[in-house]
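The values are calculated or read from the model by the stated rules, or taken from the named source; none is laboratory data. Every value quoted in this text rests on a predicted model; they were computed, and no experiment measured them. In this analysis, Cβ positions are derived from the backbone assuming ideal geometry, glycine residues included, and neighbour counts consider all displayed protein chains. For the accessible areas, the whole protein counts, side chains as well, though only heavy atoms, and no ligand, DNA or RNA atoms are used. Shrake-Rupley method; radii C 1.70, N 1.55, O 1.52, S 1.80 Å.
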Amino acid sequence: MKNRLFSVLLLISTILLSVTVMAESESEQDSVKRGEYIFALGGCASCHTNTEGDGKPLAGGLKMETPFGVFYTPNISSDSKLGIGSWSEQDFIKAMRKGISPEGDHYYPAFPYTSYAKMTDQDLLDLKAFLDVQPAVSELSKEHELSFPFNQRSLMAIWKWLNFDNSEFKSNPKKSTSWNRGAYIVNGPSHCVECHTPRNLMGGLDTDEGLAGNEDGPDGEAVPALIASNNKEFGDWDVSDIIFSLEVGMKPDGDFLGGSMGHVIENTTSRLSEEDLKAIAEYLKSPEG
Ligand code: HEC
Ligand code: HEC
């Protein structure tokens, strides 16, 4: 009798345990799935996968020429030594939101943490869950080639103090949920402002001139304004024109969008839901709060 009671109890606890484990791994899978979308939203592949150089996914090595010198994007694959596989969740959040490495060094803003700082905890944790299950690539990150004084990472502390607003994203209660979602995407994960907003002499974003265009964008190419007062052509686009251009990369006049915007379309906007594209378009039609 006692024996039978024992086996029944054992059976019940085994069932309970496996239900919990299943639920846990299901929520982990949900997180990875959401993270895959955040990965597209953040355009990480545009910089950390050197597609043109036949680089392996997330192994970095993309050369970025800037007025301050040459940067090479690092390996952010799940390799525990040469990538970021050994990072804790807190390490990752600190890097993305504060621009500080696990060793306490400052990152250069060629890594657009200046926008990622606006990302929510949930989005960052999901993104990490996705990165954690991507293949490890054991390739050493290349050293940047920066001239003095820009090769002094410690100077970035001053740069950040002058140019980095790490406040969290605040939604505007006077606007719709969709407009606020668009504001979050453009200023946060999708970092559209990093290219479409002019920069000051120190390379910081001139936030008073949000989305007013940048004559000297990445690789020296001009980036058009996304506000009607500075770009009449764009001002005439309606919401469906904007959505179509972001989805397909073609403007209403039939011209294709290229240069660095081509990578944004390939890795980010062509992968977004219709709802998010609509949110972006709605925000761009009236970005003032
Ligand atoms: C515009 C190019 C660009 C984009 C887009 C970009 N990064 Fe980076 N990232 C860099 C550069 C450049 C560095 C190196 C910064 C430095 O050395 O100070 C870097 C560094 C990092 C680091 C620190 C790695 C280390 O070894 O310390 C992490 C983590 C990281 N990026 C994650 C991401 C994630 C996740 C995304 C997408 C949400 C992303 N990056 C998008 C350019 C980019
Ligand atoms: C890496 C830099 C970069 C980022 C990030 C970026 N853009 Fe662009 N964008 C460009 C460049 C360069 C062009 C001009 C491309 C061309 O004319 O071929 C452009 C053009 C555009 C245009 C067409 C405007 C016109 O008048 O022709 C739209 C719309 C646009 N971007 C929206 C966005 C949105 C929305 C985001 C964020 C999801 C974004 N961009 C992020 C560089 C960027």
All-but-one check, I242 against (1) open to solvent by 60 Å² or more (accessible area, probe 1.4 Å); (2) farther than 27 Å from F71 by Cα, failing number (1)
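Hey, could you check segment 105-115 for residues that are in a helix (DSSP H, G or I) and touching a residue at least 60 places away in the same chain (Cβ under 8 Å) and say which is least open to solvent (accessible area, probe 1.4 Å)?
Applying the filter and picking the extreme gives S115.
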Scanning segment 176-200 for residues that are aliphatic (A, V, I, L, M) and within 14 Å of ligand 1 (Cβ to nearest atom), the one most open to solvent (accessible area, probe 1.4 Å) turns out to be V193
The correct count of residues that are at pLDDT below 95 and of a type in the set (V, I, T) in segment 197-212 is 1
Q) Could you say whether any residue in segment 133-146 is touching a helix residue (DSSP H, G or I) at 6+ places or on another chain (Cβ under 7 Å) and not in a loop (DSSP other than H, G, I, E, B)? A) no
Residue check for A281: buried (at least 18 other Cβ atoms within 10 Å of the Cβ), over 20 Å from the mean Cα position of the chain (by Cα) and closer than 26 Å to C47 by Cα
no
**Study point:** Check on T73, surrounded by 16 or more Cβ atoms within 10 Å (Cβ to Cβ) and outside the structural domain of G262 (by TED's automatic domain parsing)
**Key:** yes
Scanning segment 245-266 residue by residue, the ones that are part of a loop (DSSP other than H, G, I, E, B) and within 14 Å of L277 (Cα to Cα) total 1
Checking A222, A212, A228 in turn, the sole residue that is of a type in the set (G, A, S), open to solvent by 50 Å² or more (accessible area, probe 1.4 Å), free of Cβ contacts under 8 Å to residues at least 60 places away in the same chain and closer than 30 Å to L155 by Cβ turns out to be A222
Taking segment 22-68 and keeping only residues that are touching an Asp or Glu at 6+ places or on another chain (Cβ under 6 Å) and within 11 Å of ligand 1 (Cβ to nearest atom), one is left with G35, I38
Being surrounded by 19 or more Cβ atoms within 10 Å (Cβ to Cβ) and modelled with pLDDT of 95 or more narrows K118, K81 down to just K118
Picking from E288, E194, E215, the residue that is within 9 Å of ligand 2 (Cβ to nearest atom) and either modelled with pLDDT under 95 or not assigned by TED's automatic domain parsing to the domain that holds Y113 (or both) would be E194
When segment 208-233 is checked residue by residue, the ones that are among the acidic types (D, E) and part of a helix (DSSP H, G or I) are D208, E209, D219, E233
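Tell me yes or no: at least one residue of segment 247-259 is open to solvent by 30 Å² or more (accessible area, probe 1.4 Å), within 16 Å of ligand 1 (Cβ to nearest atom) and more than 30 Å from W161 (Cα to Cα).
There is at least one residue in segment 247-259 that is open to solvent by 30 Å² or more (accessible area, probe 1.4 Å), within 16 Å of ligand 1 (Cβ to nearest atom) and more than 30 Å from W161 (Cα to Cα).
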Here the residues within segment 138-168 that are surrounded by fewer than 16 Cβ atoms within 10 Å (Cβ to Cβ) and either within 23 Å of D208 (Cα to Cα) or not assigned by TED's automatic domain parsing to the domain that holds D123 (or both) are A157, I158, W161, L162, D165, N166, S167, E168
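For (1) farther than 22 Å from I265 by Cβ; (2) touching a residue at least 12 places away in the same chain (Cβ under 8 Å); (3) among the small types (G, A, S), each residue gets a yes or a no:
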| position | (1), (2), (3) |
| --- | --- |
| C44 | no, yes, no |
| N75 | yes, yes, no |
| E103 | yes, no, no |
| M119 | no, yes, no |
| L127 | no, yes, no |
| A136 | yes, yes, yes |
